[in-house]
Amino acid sequence: MDGTLYSRIGGATAVTTAVDALYRAVLGDPRLAGFFAEVDLDGLKRHMGALLSQTLGGPADYTGRELRAAHDGLHIGADDYALVGAYLIGVLAALQAGDDVLREVRGILGAVEADVVE
Ligand code: HEM
C-alpha cells in the first residue's frame, strides 16, 4: 500500500478526531482526569496532534517539549500510562487504522514509556 501511515489513517482530519476522542476518554476517566486539572487543554491537544502527525510520517512541526521534560514531576505510574495507551490504540482502531498503524503506535508506546513514567 502507498503513502505514510499518516495519510493512510486520513491525515490531519483523522489526527484531530483521534486527539479529541483521546482527551474526551482520558478526562472522562476518574483515574486519569486529575492529572489534567490544571492543564491548558487546547495547547496540549495541539502538541499531541503535532507529535502524532510527525510520528506517523506526516508534517514534522512538533514544537512542544521533549516527552521527559513535559512529564517530569507528574508522578505518572505504569498503570496510568497503560490506560492512556489503551485509549490511544482504541481511538485509532475506531478510526479504522490498519494493523500496521496500530503496530507502529504500540511500538512507540513501548519505546517512550520510560520518558513518561516515573
Ligand atoms: C505515549 C504517551 C504520551 C504522549 C505521547 C504524551 C504527549 C504529551 C505531549 C505532546 C504533551 C505536551 C508537551 C508540551 O506542551 O510541551 C504532554 C503533556 C502532558 N501530558 Fe502527556 N503524553 C503521554 C502520556 C501521558 C500520560 C500517561 C499522562 C497522565 C496520565 C500524561 C499527562 C500529561 C500532562 C498532565 C501534560 C501537561 C503537562 C504540563 O502542561 O505541564 N501524558 N503529553
Looking only at region 73-88, and only at residues there that are surrounded by 16 or more Cβ atoms within 10 Å (Cβ to Cβ) and closer than 22 Å to THR13 by Cα, the one that is nearest to the ligand (Cβ to nearest atom): VAL84
Region 65-118, residues that are at positive phi and not small (Gly, Ala, Ser): HIS75, GLN96
Cross-chain or 6+ apart pairs with Cβ under 7 Å, region 76-87 first and of a type in the set (Asp, Glu), then within 8 Å of the ligand (Cβ to nearest atom) and at pLDDT 95 or above: ASP80/LEU32
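Looking for something within 11 Å of the ligand (Cβ to nearest atom), over 17 Å from LEU22 (Cα atoms) and assigned to a helix (DSSP H, G or I) - is there at least one such residue anywhere in region 89-105?
No: zero hits.
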Per-region count, region 96-118, residues closer than 15 Å to MET48 by Cβ and not acidic (Asp, Glu): 5
Residue match in region 94-105 (condition: surrounded by fewer than 11 Cβ atoms within 10 Å (Cβ to Cβ) and of a type in the set (S, T, N, Q)): no
Residue check for ALA70: of a type outside the set (Phe, Trp, Tyr) and either under 17 Å from VAL117 (Cβ atoms) or touching an Asp or Glu at 6+ places or on another chain (Cβ under 8 Å) (or both): yes
Members of region 57-73 that are touching a helix residue (DSSP H, G or I) at 6+ places or on another chain (Cβ under 6 Å) and farther than 24 Å from ASP100 by Cα: GLY64, ARG68, HIS71
Count of residues meeting criterion [closer than 19 Å to VAL105 by Cα and among the β-branched types (Val, Ile, Thr)] in region 34-76: 1
Residue pairs meeting the criteria (Cβ under 6 Å; at least 6 apart or on separate chains; first closer than 18 Å to LEU102 by Cα, in region 12-27; second of a type in the set (Lys, Arg)): VAL19/LYS45
Region 1-37, residues that are under 24 Å from ASP79 (Cα atoms), more than 8 Å from the ligand (Cβ to nearest atom) and assigned to a loop (DSSP other than H, G, I, E, B): GLY28, ASP29, PRO30, ARG31, ALA37
Residues (near the ligand (Cβ under 10 Å from one of its atoms) and in a loop (DSSP other than H, G, I, E, B)) located in region 46-72: TYR62, THR63, GLY64, ARG65, GLU66, ASP72
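The values are calculated or read from the model by the stated rules, or taken from the named source; none is laboratory data. Here the structure is a predicted model, which means the values were calculated and not measured. Positions of Cβ are backbone-derived with ideal geometry, glycine not excepted, and every protein chain shown enters the neighbour counts.
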